[in-house]
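The values are calculated or read from the model by the stated rules, or taken from the named source; none is laboratory data. Note that the structure is predicted; figures quoted are calculated from it, not measured. In this analysis, Cβ positions are derived from the backbone assuming ideal geometry, glycine residues included, and neighbour counts consider all displayed protein chains.
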Amino acid sequence: MIKKIHSIMLLISIMLIVSACQQLDTAINVLEKGKQVADKVEQANNKIKEYTDVDNLGSSLSEITNDAVNLNLLEKKLIDNENVATNKAYKVVKIVDGDTIEVEIDKVKQKIRLIGVDTPETVDPRKTVQCFGKEASNKTKELLSDKMVNLEEDKTQGNTDKYGRLLRYVFLEDGTFINKYLIYNGFAHEYTYNLPYKYQTEFKEAEKSARENKRGLWSPDSCSGITK
């Protein structure tokens, strides 16, 4: 009888242990499920943060891009006006001929050859005075003698020519663009030495206007465009 009671109690204990184990397993499953849910929530929060950061980054990139564009435009404007609006003016001390002058730069006299311009010759010992040469030379004297000018360099043409003359665009202080003025009014031909230069298109258009309107050396009363 006692043995039966012990057996029954042992069986009950085993059943209780099994039941407890099952409950524990269920609890563990619940905890694992909870952990999985927590992980999913954390992933979702990270995604939300990521999207938010991307939006902010997009906005920042847009602002940076706009600033870069504005800076680039400002830089281009400064380059375009290099030696024209910002640098000091230089005094013209001599007119060599229609397309060559002499200016004083830091107390040193420097010859300047106007870029993109070719006036009829007047001083070349190898050539006779060409048609409209004196008129062109006199016009340059009228415009520039003892005047203060701004000089603009063109990187595409180099600093000097083979004769050591500085290659420059020349502007009066009132903004008159001498190179273009001489071409437009028929005192010079447009001249491309080798490579295209900054104002080439403008100068060609100026020459076309002078030719079509028969100004200066293009007039039938002067050279009809033939100066050589």
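Quickly run through the stretch 149-181 and pick out the residues that are within 15 Å of residue 101 (Cα to Cα) and more than 29 Å from the chain's Cα centre (by Cα).
163, 164
Among the listed residues 142, 173, 135, 153, which satisfies the condition of being within 22 Å of residue 211 (Cβ to Cβ) and either in contact with a Phe, Trp or Tyr (Cβ under 6 Å, 6 or more places away or on another chain) or of a type outside the set (A, V, I, L, M) (or both)? First the steps, then the outcome.
Numbers: 142 fails: within 22 Å of residue 211 (Cβ to Cβ); 173 fails: within 22 Å of residue 211 (Cβ to Cβ); 153 fails: within 22 Å of residue 211 (Cβ to Cβ).
When all the criteria are applied, what remains is 135.
Sort out which residues of the stretch 180-205 are of a type outside the set (Ser, Thr, Tyr), touching an Asp or Glu at 6+ places or on another chain (Cβ under 7 Å) and crowded, with 17+ Cβ neighbours inside 10 Å, and write them in order of number. Reasoning before the result, please.
Just the residues of the stretch 180-205 that are of a type outside the set (Ser, Thr, Tyr), to begin with: 180, 182-183, 185-190, 194-196, 198, 200, 202-205.
This time we only want the ones that are touching an Asp or Glu at 6+ places or on another chain (Cβ under 7 Å), so: 180, 183, 187-190, 198, 203-204.
Residues satisfying the conditions are 180, 183, 187, 188, 189, 190, 198, 203.
Which ones in the stretch 188-228 are hydrophobic (A, V, I, L, M, F, W, C), closer than 24 Å to residue 162 by Cα and in contact (Cβ under 8 Å) with a residue 40 or more places away in the chain? Quick ask: steps written out before the conclusion?
So the first thing to find is which residues in the stretch 188-228 are hydrophobic (A, V, I, L, M, F, W, C), and the list is 188, 195, 203, 206, 210, 217-218, 223, 226.
Applying the additional criterion that residues be closer than 24 Å to residue 162 by Cα yields 188, 195, 203.
Residues satisfying the conditions are 188, 203.
So, in the stretch 107-131, exactly how many residues are assigned to a loop (DSSP other than H, G, I, E, B) and at pLDDT 95 or above?
Here is the first cut: in the stretch 107-131, the residues assigned to a loop (DSSP other than H, G, I, E, B) are 107, 115-116, 119-131.
After this cut, where a residue has to be at pLDDT 95 or above as well, the list is 115-116, 119-120.
Looking only at that region, the number is 4.
Run residue 177 past the list (1) surrounded by fewer than 15 Cβ atoms within 10 Å (Cβ to Cβ); (2) out of contact with any helix residue (DSSP H, G or I) (no Cβ under 6 Å at 6 or more places or on another chain) and report the number of the one that doesn't hold.
Here residue 177 clears every test but (1).
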